[in-house]
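The values are calculated or read from the model by the stated rules, or taken from the named source; none is laboratory data. Computed from a predicted structure; not experimentally measured. Every residue, glycine as well, gets a Cβ built from its backbone with ideal geometry; the counts of neighbours run over all protein chains shown. The area values use the complete protein model at the heavy-atom level, side chains included, leaving out ligands, DNA and RNA. Shrake-Rupley method; radii C 1.70, N 1.55, O 1.52, S 1.80 Å.
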Amino acid sequence: MSSSTSTSISPSTQDKPQVVEAYETTATVQKKFERWRRSLKYITGIGLTPVEKAEHEAYIAEDMQRKQCGLCEKRRDKLLKWSPAVIFMRENLEKAGCKISTQHIKCAPCDELRSGGFSPDHGIILCQNRFFSKAHQEDTLIHEMIHMYDHCRFKIDWNNCWHHACSEVRAASLSGDCRWSREIRRGFFTFSKQHQVCVKRRAILSVKHNTSCSAPGIAEKVVEDVFESCFNDTQPFDEIY
């Protein structure tokens, strides 16, 4: 019975995968050689037309974005699975009625002014080209999850400068964004009330990007107005993370 159910493979059938494999290998080698050839011409500036130069620069940019996106998404998935703080925020978002998954956390290239963002309509954006470490991405994800938590639980009006300022104070304080090592990297060496000073500065910078709060002096005023109450509000954490 077993012999009747076995399938014999003819020589011609056996050859097909080998031919395809050889063709794919040759194509891959040719593609790599062509990339190397164009890279050499780009570096030396010899024999590269303006059109080829523009195409090569576009390829480099696209390749970099693909690599950055892949790394960002890989780290995001690991953080959602293994980071105690991220898992804690995810659980509390669900308790507040806002389930979160990878479809709500997107990696994308950003300008140099930010490392992440939150939009009620689009969820969390992680700026794939702005992270210098996994820990930086973790802090940024927690920061944006706090914004999402505030929006979900407290129904934040993001056009209200005081509402926005309060969430920025909480996010900067609770996410690890203002830990001493991060401030040293930014070039700030305040030893007296370092954490509070950082939180105020970071919150003001963020509020200033809100078009509703961009008039001179508004960001500073609203952050000062809400600072004490919002800084002391650590929910869902028991204390500053």
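Worth pointing out:
- The listed residue being within 22 Å of residue 96 (Cβ to Cβ), among the polar types (S, T, N, Q) and open to solvent by less than 80 Å² (accessible area, probe 1.4 Å), out of 167, 214, 181: 167
Residue-wise test of (1) of a type in the set (Ser, Thr, Tyr); (2) touching a residue at least 24 places away in the same chain (Cβ under 8 Å); (3) open to solvent by less than 80 Å² (accessible area, probe 1.4 Å).
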position	(1), (2), (3)
58	no, no, yes
65	no, yes, no
69	no, yes, yes
74	no, no, no
96	no, yes, yes
102	yes, yes, yes
107	no, yes, yes
121	no, no, no
137	no, yes, yes
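- The helices (runs of 4 or more DSSP H) located wholly in segment 157-226 that include 1 or more residues which are in contact with a Gly (Cβ under 8 Å, 6 or more places away or on another chain), closer than 22 Å to residue 115 by Cβ and in contact (Cβ under 8 Å) with a residue 24 or more places away in the chain occupy 180-186.
- Of the residues making up segment 186-227, those that are under 17 Å from residue 176 (Cα atoms) and among the polar types (S, T, N, Q) are 190, 194, 196, 206.
- Complete set of residues in segment 206-221 that are more than 14 Å from residue 170 (Cα to Cα) and aliphatic (A, V, I, L, M): 215, 218, 219
- Residue 171 being among the hydrophobic types (A, V, I, L, M, F, W, C) and farther than 21 Å from residue 88 by Cα: no
- For residue 206: the one exception among (1) open to solvent by less than 30 Å² (accessible area, probe 1.4 Å); (2) within 28 Å of residue 97 (Cα to Cα): (1)
- On inspection, residue 230 fails the criterion of being surrounded by 15 or more Cβ atoms within 10 Å (Cβ to Cβ) and either of a type in the set (Phe, Trp, Tyr) or farther than 13 Å from residue 164 by Cα (or both).
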